[in-house]
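What follows is a set of notes on a single structure, which appears directly below.
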Amino acid sequence: MNPRRSISSNPASTVKSRFTNGFLKALLRINRQRITSTTAYTPREIFRGYLRVKIAADVSMASAIGSRRAWSRAMLRKVRSHGRDGAQVRRMSFLAMRKRNLYGKKIKCVEEDVGCYQANVLRKLVPGGAAMDMCCLLGETAHYIKCLNTQVKVMRRIAEVFST
Amino acid sequence: MSSRRSSQSGTSRITDDQIIELVSKLRQLVPEIRNRRSDKVPASKVLQETCNYIRSLHREVDDLSERLSQLLATIDADSAEASIIRSLIAQ
């Protein structure tokens with residue numbers, strides 16, 4: 001257990017264990033839904049199965065972090081609003097992001113030589129990145145990468161267990 | 001923590017040192033540039049490799065999600081639950 005990630009001295013409350021528990025419970029739910037569905041093997045259902053697992057993984061990780069980080073807050077917000085108004089929200093937030101980047105309220109780049117173009121590419125990759133200034137963005141990116149690494153490790157381990 | 005909060009209240013308070021510190025943190029996380037000497041890698045390269053690294057992590061999550069959903073579909077219900085419960089206990 002990485003001590004940097006734990007919020008208390010209790011090993012059961014590390015990010016990794018919170019993510020694992022949440023994700024495994026979500027997999028149980030998905031498994032039960034699949035059993036009750038009669039159309040489990042159509043291509044559409046197969047795609048939705050993949051999407052459900054991926055969303056479960058992302059949401060479990062964001063929930064394990066909670067509201068401590070801007071990126072996890074942004075991801076949880078996005079997933080919750082998707083449930084209400086899917087396509088509409090995606091279209092609107094895309095336009096809002098374009099406006100912010102091209103017109104008046106431009107995101108100021110504090111350091112010209114840190115690469116504004118690359119920074120904007122990064123903003124699209126990190127959840128909630130569009131609204132962050134450079135300093136915030138870099139800090140959130142570092143944390144986001146650590147969490148993605150944990151997510152990948154745990155998912156790999158789970159796939160191994162399932163394969164036996 | 002406090003440096004982040006003060007930077008949110010006004011962008012003028014971000015110092016060059018903070019940016020350098022964060023860029024070096026990113027440098028250590030990205031395997032592509034971790035092994036190179038730090039003074040030879042410009043910040044724009046760090047950002048570029050960071051973006052590439054995040055994209056490759058996203059792809060891995062996608063592949064693993066697909067694999068997990070296939071595994072869930074092919075193994076029967078009881079052994080799926082048993083494997084899941086076994087993993088939960090193994091934590």
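Rule-based calculations on the coordinates, nothing more; no lab input. Just so it is clear, the structure is predicted and the values come from calculations on it, not from any experiment. Every residue, glycine as well, gets a Cβ built from its backbone with ideal geometry; the counts of neighbours run over all protein chains shown.
Sorting the segments B:46-55, B:26-35, A:135-144 by their residues' average number of neighbouring beta-carbon atoms within 10 angstrom, most packed first, yields A:135-144, B:46-55, B:26-35. Max-minus-min Cα coordinates of the stretch B:16-90 on each principal axis give 56, 24, 20 Å, with the largest extent listed first. The mean number of partner chain beta-carbon atoms within 10 angstrom of a residue's beta-carbon across peptide B:40-46 is 3. Modelled spin labels at A:Tyr117 and B:Arg55, positioned 7 Å past Cα toward Cβ, are 1.4 nm from each other.
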